[in-house]
1. Quick test for you: out of L257, L224, pick the one residue that is part of a helix (DSSP H, G or I) and crowded, with 21+ Cβ neighbours inside 10 Å.
2. Residues that are over 22 Å from N309 (Cβ atoms): list the helices (runs of 4 or more DSSP H) wholly contained in segment 76-185 that include at least 2 such residues.
3. Going through segment 135-147 one residue at a time, which ones are over 17 Å from the mean Cα position of the chain (by Cα) and either buried (at least 22 other Cβ atoms within 10 Å of the Cβ) or under 8 Å from F12 (Cβ atoms) (or both)?
4. Does Q65 satisfy the criteria of being surrounded by 14 or more Cβ atoms within 10 Å (Cβ to Cβ) and either of a type outside the set (A, V, I, L, M, F, W, C) or touching a Gly at 6+ places or on another chain (Cβ under 6 Å) (or both)?
5. Has segment 307-320 got at least one residue that is of a type outside the set (V, I, T) and at positive phi?
6. As an exercise: evaluate I86 against (1) among the β-branched types (V, I, T); (2) under 17 Å from E281 (Cβ atoms); (3) surrounded by fewer than 21 Cβ atoms within 10 Å (Cβ to Cβ) and give the number of the one condition it does not meet.
7. Of the residues that sit in segment 35-59 and are under 24 Å from F129 (Cβ atoms) and in contact (Cβ under 8 Å) with a residue 24 or more places away in the chain, which one is surrounded by the most Cβ atoms within 10 Å (Cβ to Cβ)?
8. Tell me the residue from V270, V243 that is at pLDDT 95 or above and either in contact with a Cys (Cβ under 8 Å, 6 or more places away or on another chain) or of a type in the set (A, V, I, L, M, F, W, C) (or both), please.
Amino acid sequence: MSIRTTRGILLFNLGGPERLDDVRPFLFNLFSDPDIIRIKNDAARRLLAWFIATTRQRKSRGLYQQIGGGSPLRKITEGQAEALGICLSERGYPVRVYVGMRCWQPTIAEAVRQIERDGISQLVALPLFPQFSVTTTGSCFNYFKKTMAAAGLGQKVAVSYVERWFDEPLYLESMADLIRKAMGRFSDKNPKNSHLLYSAHSIPARYVEEGDPYLDQTRETLTLIDERLGNGSPSTLAFQSKVGPVKWLGPSTNSVLTEFGRRGTSRVLVIPISFVSDHIETLQEIDILYRGLATKAGIAEFERAESLNLYPKFIEALANLSIRALQQMTDPK
C-alpha cells in the first residue's frame, strides 16, 4: 500500500549475516567501523578488519550453523518496521518506515537513497538500541550523517535524533511482561527463589572511561525494570560477547553462571537487556552456550526471557518515541 507522506522513520541496527557466505564480509564491515576499532588510519584499520574476519570466519560460521545458517535479524527488523508503520498510521501519523543496517543489508546508504526518492522532508532517526553507546547508536548516527551530507540532503531533510530510550515506560513494561512470563516456567513460583541475570553486550572498558554512557544507562535500565517487577527477585548485571584481548566490561555472563553453580543457585533467568531482537547473541550464545554451561555448573533450571521482537507493547513504545520526535519538529512549508 502506497503512503502519501513526507514524514519518515529510519530504524537503525547493526545487522547480521543471513547466509554462511555472508559471515566473512559481515565481520569485515563490523571491524572496519572506526567507532568500534579506534585506529585513525583507514588502511591500517581495514587491514586489521581483514585479518579478524579471515581468522574468525570459520568459528563464526560454525556458530551460525547452530541457529539455522544465518541471522534472523533482518527479517525481525523489517517486521518491526512494518508493525511500527501500521501502529503510527492507526494513531494518525502516516509515515514511511525504513531500515538501515550499519554493517549489513539493507544498508544505511540504501535507506538514504530511498528517503531521497520518496521526498521525505521530516525524518526520525530511531536506533534499536535502548542504551546509547558510541559503538552502536553513535556509529550508526555518524555514518548516517556522512551519508546524508554526501547525498546533499543535510539541509533538505529535517532530522530528529532519538539518542537513547532506556527509560521509555512501555519498553520497560514490555521487558517486565516477558520476564514474568519466563518466570512462570520455573517449578518454584516464588520469585524470591529465582535469580535474574541481566546480560548486556559488552564494550571495551576504556570507552566507558572516556565518557561512553552505556554502562550507567544499562545499570539504570536494570533498576527501572526491577522496580516494575516489584517481586524481590535477586538480580545481577553481566556482559557477553567479548572480542579480542583488550579489557571489556565485566563481569562476564559465563563467569557469573559458573559462580551461581558454586553457590548452589538452582533457578536462573537470563534477560537480554541490550538486545531488542533475536540474533546470534540470544539464539546461540545464551540459548545454547550459556544453557550448556549452566547445566555443567549444576544449575537445575535455566530460562531466558523472550526477546522483544514484535511484542505489541514494544511496538507501541517505538510509536511513542516516534510521535514525540515528530511533534518536536516544525512542519516544513
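1. Exactly one of L257, L224 is part of a helix (DSSP H, G or I) and crowded, with 21+ Cβ neighbours inside 10 Å, namely L257.
2. Ranges flagged: 108-117, 139-150.
3. Passing the criteria: only F144.
4. Judged against the criteria, Q65 is not a match.
5. yes
6. The single condition I86 does not satisfy is (2).
7. My answer is I36.
8. V270
The values are calculated or read from the model by the stated rules, or taken from the named source; none is laboratory data. Just so we're clear, the structure is a prediction, and the values are computed from it rather than from any experiment. All Cβ positions, even for glycine, are placed from backbone atoms using ideal geometry, and neighbour counts span all protein chains on display.
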